[in-house]
Amino acid sequence: MAENRITAEMDLSEVKTYIKRLTTVYNKKEAKMFIEQYLQGSGNELKEKFWSRKSSSRLAFDLYSWMVNEDCTEDFQFEKKLPGVICSNHGPAGSPNMDVFIETSNDIIYIESKYTEKAKRDKNKHIKYISEDQEQSELSKAYWFNGKHGGLELKQRFYNEKEIASLFSEFCKDIYELIKNIEYKWTWFDVKQETCHLFGIIFALLQAGKYGNEYRCEPKELSKNVHLYNIIWDENDKIKCELGEPNSFPNIFGNKAEMLVKKCVELKGVKGIEFNFEIMTVQSLMNENDFFGFDFTKANAFGLDKSLQEQMEQYKLSY
């Protein structure tokens, strides 16, 4: 990491404090540190992103790291790697990383953290998802094109799950049609990222991977509820108001995502999985005293002698 890149956003004392927290052993038995999770992720978060005052990854670190040693936590991880679409005979080109992964005795929780990102728009201020001619797309053709891509058919790119491949492809095209036909103003909602993460969660639930020389799924029964949360900073209640609109696109996306997961796990005969997609603001989360057994109102910041509420004040100043 180049020091001038970091200190342009944070002073050296702040940098040292975060490095100390990232390298604090939170699991003495296994000598686990958070820095290992960030280094194994494919997003290079610690190279530059983490050190910005508008960083979603740093916000996630401050907001959730305290949960790691709570009694109800069975597993916790930043930058959780999920199964990626198989792009060629060499296998997945990359794995989608989930910002936060939490497992309790009853629930599996995936969290996408957002602070100030904006979705990409073209010169006409339209969101780019799949282009009109379907030759170029923000979301790779590997996810939706019903033909050969990278030398592989759609089924092969989806761990040889033909029916799931067809369902997911139709989901992608359906989302694109929605974007074309509505006024898309939810610039904080990253459709491409949410779709990639949805793919990863589905195939994580189905235990997708390489078994011997073959990519396939070997699902097991899972008696836990599964949740995908998009949790975003909302300084002036703008997002909260937009989510209250009847035809809010993010809510439509969530409903379709829930139906897609339900169909996919039913196809594979996996019982015991209930999936839900939800959007929350950081501000509402900070008032939660029973978020799957976690109390954000009384939590202390990880590795600091201050409350979580005090630590999160800096993000108000950075907005």
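The values are calculated or read from the model by the stated rules, or taken from the named source; none is laboratory data. This structure is a prediction, so every number in the text was calculated from the model and none was measured. So basically every Cβ, Gly included, is an ideal-geometry build from the backbone, and we count neighbours across all protein chains shown. The protein model used for the area step is the full one, side chains on, heavy atoms only, and it has no ligands, DNA or RNA in it. Shrake-Rupley method; radii C 1.70, N 1.55, O 1.52, S 1.80 Å.
Between Gly269, Gly151, Gly212, the GNM of the chain built on Cα springs shorter than 10 angstrom shows Gly212 fluctuating the most. For the chain, DSSP calls about 60 percent of its internal beta bridges antiparallel.
Normalised per residue, the accessible area of the range 216-280 is 51 Å², obtained with a 1.4 Å probe and no contribution from ligands, DNA or RNA. Approximating the spin labels as points 7 Å out from Cα along Cα→Cβ, the Asn89-to-Lys271 distance works out to 4.2 nm. Put simply, the chain fits an ellipsoid with semi-axes of 32, 24, 20 Å; these come from the alpha carbon gyration tensor as the roots of five times its eigenvalues, largest first. Using a 10 angstrom cutoff on alpha carbons, build the Gaussian network for the chain and name the most mobile of Thr104, Thr17, Thr73. Evaluated over the chain, the most mobile residue of the options is Thr17.
As an exercise, use a Förster radius of 45 Å and the Cβ-Cβ distance of Arg216 and Lys298 to find the FRET efficiency, rounded to the nearest 0.05. Can you show the working numbers first?
Working: r = 46 Å, r/R0 = 1.01.
So the FRET efficiency works out to roughly 0.50.
Rolling a 1.4 Å probe over the heavy atoms of the protein chains gives the range 22-94 an accessible area of 48 Å² per residue. Only aspartates and glutamates eight or more places from Lys180 in sequence, or on another chain, were considered; those with a Cα closer than 17 Å are Asp122, Glu132, Asp133, Glu135, Glu138, Glu170, Asp190.
Of the residues Ala31, Ala299, Ala204, the one that moves most in a GNM of the chain with alpha-carbon contacts below 10 Å is Ala31. For the chain, carbon and sulfur atoms together expose 44% of the accessible surface, with a 1.4 angstrom probe and every protein chain in place. Entry for the range 198-254 at q = 0.16, 0.19, 0.22, 0.24 Å⁻¹: log10 I(q)/I(0) = -0.70, -0.81, -0.92, -1.00, Debye formula applied to identical alpha-carbon scatterers, no solvent contribution. Excluding same-chain neighbours fewer than eight residues apart, the aspartates and glutamates reachable from Lys271 by a Cα-Cα span under 13 Å are Glu221. Length gained on full extension, Ser223 to Asp290: 22.0 nm, using 0.36 nm per residue less the C-alpha separation. For Asp295, the solvent-accessible surface with a 1.4 Å probe is about 40 Å², rounded to the nearest 10. Simple spin-label estimate for Lys240 and Lys316 gives 1.3 nm between the two label positions (7 Å along the Cα-to-Cβ direction from each Cα). Pairs exceeding 29 Å between alpha-carbon atoms, taken from Lys29/Lys114; Lys173/Lys268; Lys47/Lys240: Lys29/Lys114; Lys47/Lys240.
Of the DSSP H helices in the chain, those with a Cα length along their own long axis of 20 Å or more and a mean Kyte-Doolittle hydropathy reaching 0.0 comprise 191-205, 249-267. For Ala301, nonlocal amide neighbours, meaning residues 5 or more places apart or on other chains whose placed amide H falls under 5 Å from its own, are Lys306, Ser307, Leu308.
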